[in-house]
Amino acid sequence: MSIFVNKSTKVLVQGITGKEGTFHAGQCSDYGTNIVGGITPGKGGQNVNGIPVFNNVTEACRETDADATMIVVPPPFAAEAILEAVDAELDLIVCITEGIPVMDMLRVKNGMAGKHSRLIGPNCPGIITPGECKIGIMPGPIHMPGGPVGVVSRSGTLTYEVVHQLTQQGLGQTTCLGIGGDPVNGTNFIDCLTAFQDDPETKAVVMVGEIGGSAEEEAAAWISANMNKPVVGFIAGLTAPPGRRMGHAGAIVSGGKGTAEAKLTAMRENGIHVCESLGKLGQLCKEAFTECI
Amino acid sequence: MKIQEYQAKQLFLQSGIPVPTGQTCTTKEDISPLLAKMKMPVAVKAQILAGGRGKGGGVVLAKTTAAAQEAAENILGMQLVTKQTGAEGTEVKTILFEQGVDIAKELYLSMLVDREHAGIVIIASRDGGMNIETVAEETPERIITVHVNPLLGLQGYQIRELIFGLGIEPAVVKSFGGIVRKLFSLFMQYDCSLVEINPLVITSDEEIIALDAKVDIDSNSLFRHPDILAMHDSSEEDELEAAAASHGLNYIRLDGTIGSMVNGAGLAMATMDLIKQAGVEPANFLDVGGGASAEMVEKGFRIILSDSNVRGIFINIFGGILRCDILAEGVVTAAKKVGLSLPVIVRMEGTNVEEGRRILADSGLTLTNATDLSHAAELLAAI
């Protein structure tokens, strides 16, 4: 078991004929992901390394019976690409693109209310169920199939670091996903935690947050009220100066809100095992998860 | 991206939001002829991006031409120090002269992106001219908050909520409502992340005027706002930060002595934290991008080495898609090119890591290999 994606997931790639799109479609395909088609308007009928290209998402869905899409298109066109996938009623939309204007995401987020699709991202590494399906730009080989740990994070390479340490400790993963570093995104921590709680194969969860906003605080309260699986938490940005945007558009401490300290306090108060030092995360997980695995 | 007050007021004027009659001035020779055309009193306002200008002595209300002349000569060219500029202050290159207005009432009005509700929030208060954070803390009941759905737009009842909440008098209700509408349109049209008018004044002859103007625009949206991009002036930014930005690097300068170079923003933040936990202070945040290339590594080296406070460098790269051997070659080439003499700790993980480590070891450079992050922390503490 896993959350959101597995070996039967059929995946499209929006922006497949671009340099990034072609490369990552190939990487996902090599990992074993069932990439069934790509979309680039005006290039329908062509193929990229054997993957058929369509002019629009609806046509691609009709021809391939796809249920997920990976969006790798430039920021000016990414919001529209998400809406097109929503309109085609795909189950899962993974948007990798970084740098989408916030106003576009405000419209997308409100426009998606009540719709069938789930959005992961934007500005995220994607989602992987190790050994089954990779929809994203993360390096496949660092992962270890079979569970029992679920990983959810706001970051990219920091997630790889966490996963690598878990694998080093012999702790496999059910599903790992990055929900993105933008201020307005689709799937949030609580959505992922809910899915991990409901997934029988996931026995424990690692949650990786960073400064800015209050998603980690809300997630911590939710965990305390709803989860019976152990959670290890890590927050990046203890040393970040206030008022500065730390790379990710969403990573900013403003008006004294969104600090790492506040998030760590919320985690501790809600029974989450807080990892103080990134170098020891794998080890801490090994200790914290011994009882349940 | 922040823009100057006078630039924000140009946008206001284009949108039909009244601002005081004003003139900008950039040279001391222009002060006298510009003032000769204005009626007293005149406000003399330093144009810098940092807040707290008034308290720092950058805003003076002059009753006579002589007083305005003196204030302008003092302010233009000064190093203005405010709570946001740091101790060095910021050089005032432009001042704004504005006709004084006869104030009957001062209000506060702002709009900003609300990430939690995925919408726009309008904040208003009848305590104009005061620090809004102080008002929110001491008298929260005097703050009115309205949430606007970006798809539905600003509704009439929401404007009325502001009007009744602020106790706007019947004579100015119509013009106040018009200003809120126009400001909201401007907010949406220009992809603003914040617009703030503090104070928004009602004059004794019942006009409403934006006495101040603060506008921040979402940097991600600049591709569709060439007019705003043209306003960008890097002279108020840190020199190194501006240089890094022009190379596509995400760099923020800090006060410490250990420079770091990392791929990915989250890992870069966590690396800064690790440096601090090792008992030394981070000199910077530097994200060379999730898929860092050898060229980016070289550019990163140059930026870090331009900071004379740096005593050592920590490179933390999680080579995912990008192979470690390629990265190691990039590090070696870059280090040789820039003539590196500081101690460097390299922690590298991911695809082809063994080959990468061998390249670093054989390079003849004084690079120290950290086997993992805990080992890196020990090495950092020893610098």
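The values are calculated or read from the model by the stated rules, or taken from the named source; none is laboratory data. Just so we're clear, the structure is a prediction, and the values are computed from it rather than from any experiment. All Cβ positions, glycine included, derive from the backbone under ideal geometry; neighbour counts span all protein chains shown. The area values use the complete protein model at the heavy-atom level, side chains included, leaving out ligands, DNA and RNA. Shrake-Rupley method; radii C 1.70, N 1.55, O 1.52, S 1.80 Å.
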Seminar exercise, completed: Residue pairs qualifying under the 8 Å Cβ cut-off, at least six apart or on distinct chains, with the first in region B:309-336 being outside any loop (DSSP other than H, G, I, E, B) and the second being at pLDDT below 85 and of a type in the set (D, E, K, R), are B:Gly330/B:Glu295; B:Gly330/B:Glu298; B:Thr333/B:Glu298; B:Ala334/B:Glu298
For this session: Kindly list the number of the only condition in (1) surrounded by 16 or more Cβ atoms within 10 Å (Cβ to Cβ); (2) in the same structural domain as B:Thr203 (by TED's automatic domain parsing); (3) touching a strand residue (DSSP E or B) at 6+ places or on another chain (Cβ under 9 Å) that fails for B:Arg181.
Result: (3)
For this session: Those residues that are in contact (Cβ under 8 Å) with a residue 12 or more places away in the chain and either basic (Lys, Arg) or loosely packed, with under 15 Cβ neighbours inside 10 Å (or both), I need them from region B:190-228; list them, please.
Result: B:Ser204, B:Asp205, B:Glu206, B:Glu207, B:Lys214, B:Arg224
Exercise. Would you say A:Glu132 is at the interface with another protein chain (Cβ under 10 Å from one of its Cβ atoms), acidic (Asp, Glu) and closer than 26 Å to A:Glu161 by Cα?
Worked result: no
For this session: For region A:195-208, indicate whether the set of residues that are part of a helix (DSSP H, G or I), more than 8 Å from chain B (Cβ to nearest Cβ) and at pLDDT below 95 is non-empty.
Result: no
Exercise. Mind checking which pairs have a first residue in region B:358-383 that is open to solvent by less than 70 Å² (accessible area, probe 1.4 Å) and part of a loop (DSSP other than H, G, I, E, B) and a second that is of a type in the set (Gly, Ala, Ser) and at pLDDT below 90, Cβ under 7 Å, 6 or more apart or different chains?
Worked result: B:Leu365/B:Ala335
Exercise. Are any of the residues in region A:97-104 closer than 16 Å to B:Leu222 by Cβ, in contact with an Asp or Glu (Cβ under 6 Å, 6 or more places away or on another chain) and of a type in the set (Val, Ile, Thr)?
Worked result: yes
Seminar exercise, completed: In region A:28-51, anything on the phi < 0 side of the Ramachandran plot, open to solvent by 30 Å² or more (accessible area, probe 1.4 Å) and not in a helix (DSSP H, G or I) is listed as A:Asn34, A:Pro41, A:Lys43, A:Gly44, A:Gln46, A:Asn47
Exercise. Applying the selection to region A:93-104, what residues are open to solvent by less than 10 Å² (accessible area, probe 1.4 Å) and in contact (Cβ under 8 Å) with a residue 40 or more places away in the chain?
Worked result: A:Ile93, A:Val94, A:Cys95, A:Ile100
Seminar exercise, completed: Taking region B:253-295 and keeping residues surrounded by 22 or more Cβ atoms within 10 Å (Cβ to Cβ), touching a Gly at 6+ places or on another chain (Cβ under 7 Å), more than 7 Å from chain A (Cβ to nearest Cβ) and modelled with pLDDT under 90 leaves B:Val288
For this session: Count, please, the residues in region B:307-328 that happen to be closer than 26 Å to B:Thr257 by Cβ and modelled with pLDDT under 90.
Result: 4
Seminar exercise, completed: Exactly one of A:Val73, A:Val11, A:Val108 is within 13 Å of another protein chain (Cβ to nearest Cβ) and either over 20 Å from the mean Cα position of the chain (by Cα) or touching a residue at least 24 places away in the same chain (Cβ under 8 Å) (or both), and that residue is A:Val108
Exercise. Does B:Met261 satisfy being farther than 14 Å from B:Asn284 by Cα and outside any helix (DSSP H, G or I)?
Worked result: no
Exercise. Looking at (1) under 24 Å from the mean Cα position of the chain (by Cα); (2) open to solvent by 30 Å² or more (accessible area, probe 1.4 Å); (3) farther than 30 Å from B:Asp233 by Cβ, can you tell me which one B:Asn309 breaks?
Worked result: (3)
Seminar exercise, completed: Counting only residues in region B:115-146 that are modelled with pLDDT under 90 and touching a Gly at 6+ places or on another chain (Cβ under 8 Å), the one least open to solvent (accessible area, probe 1.4 Å) is identified as B:Arg115
Exercise. If you check B:Glu91 against the conditions, is it within 25 Å of the chain's Cα centre (by Cα), more than 24 Å from A:Gly250 (Cα to Cα), open to solvent by 70 Å² or more (accessible area, probe 1.4 Å) and assigned by TED's automatic domain parsing to the domain that holds B:Gly57?
Worked result: yes
Exercise. What do you reckon, is A:Ala25 closer than 30 Å to B:Ile120 by Cα and either of a type in the set (Val, Ile, Thr) or not in a strand (DSSP E or B) (or both)?
Worked result: no
Seminar exercise, completed: All-but-one check, B:Ala243 against (1) surrounded by 17 or more Cβ atoms within 10 Å (Cβ to Cβ); (2) within 14 Å of chain A (Cβ to nearest Cβ); (3) more than 15 Å from the chain's Cα centre (by Cα), failing number (2)
Exercise. Would a scan of region A:105-124 turn up a residue that is on the phi > 0 side of the Ramachandran plot and open to solvent by less than 10 Å² (accessible area, probe 1.4 Å)?
Worked result: yes
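A quick yes/no check of all residues on (1) more than 36 Å from the chain's Cα centre (by Cα); (2) under 28 Å from A:Leu166 (Cβ atoms):
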position: B:Lys337; (1), (2): no, no
position: B:Leu340; (1), (2): no, no
position: B:Glu349; (1), (2): no, yes
position: B:Asn369; (1), (2): yes, yes
position: B:Glu378; (1), (2): no, yes
position: B:Ile383; (1), (2): no, no
